[in-house]
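Colleague: Please see the structure below; I have some questions.
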Amino acid sequence: MKRAAAAAVTVAAVAIVLSGCAADVDELRVTIDGVTVTAEQATSIEAQREGLSRRDSVPEGTGMWFPLEPAQRTEVWMQDTRVPLDVVWIRDGRVTGVVTLQPCSTEPCPREPSPGAVDAILEAPAGTFADVTLGAAVDMTRSEP
């Protein structure tokens, strides 16, 4: 009985900690050429490697923001990604390129190089940024919880 009670307390404590973490997810509202998405930030190396892979869907109006410091040439690949995505390359608050990539489940997956050094990448469902112009300003604000 004591073990069951202790286990219940532990499960409740873990649930509280995890729900607290979810509330602390750092999100940005990113607007480009009048299109706004709420983007999770992938700030750790692990989060940037994982990206939006292994998700069965990426809802319209959402995406993922990858800050890169310092600005650098980089590549994106779609290994284990299940949905097509738009990739927006960004440097100094301006769009330097947009490409739509398809899911890949084979090895090796093709890699899409950035069009020069970039300091951020934004990924969103395919078609979200189809009409974005090169050089468009990227406006970011923190999302309110």
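Readers should treat all values here as calculations from the given coordinates under stated rules, not as data from a laboratory. Note that the coordinates shown come from a computational prediction; the quantities given were computed from them, not determined experimentally. We place every Cβ from the backbone using ideal geometry, glycine too, and count neighbours over all the protein chains shown.
Colleague: Name the residues whose placed amide hydrogens come within less than 5 Å of the amide hydrogen of Cys104, ignoring near sequence neighbours (fewer than 5 apart) on the same chain.
Modeller: Asp80, Thr81
Colleague: What FRET efficiency would be calculated for the residue pair Arg49, Ala130, taking the C-beta separation as r and a Förster radius of 41 Å, to the nearest 0.05? Before the final figure, lay out each step's value.
Modeller: Details: r = 27 Å, r/R0 = 0.65.
Efficiency at R0 = 41 Å is approximately 0.95.
Colleague: Still on this structure, please answer the following. For the range 107-136 and the range 29-102, compute the distance between their C-alpha centroids and round to whole Å.
Modeller: Comparing the Cα centres of the range 107-136 and the range 29-102, I get a distance of 7 Å.
Colleague: Quick one: compute a quarter of the convex hull surface over the Cα atoms of the range 62-145 and quote it in nm². Display every interim value, and only then the final one.
Modeller: Numbers: hull surface 24.0 nm².
For the range 62-145, the mean projected area of the Cα convex hull comes to 6.0 nm².
Colleague: Right, something else. Dipole magnitude of the range 26-142 about its Cα centre, charges +1 at Lys/Arg Cβ and -1 at Asp/Glu Cβ only, in debye to the nearest 20?
Modeller: Details: 10 positive and 19 negative charges, 26 e Å.
Dipole of the range 26-142, to the nearest 20 debye: 120 debye.
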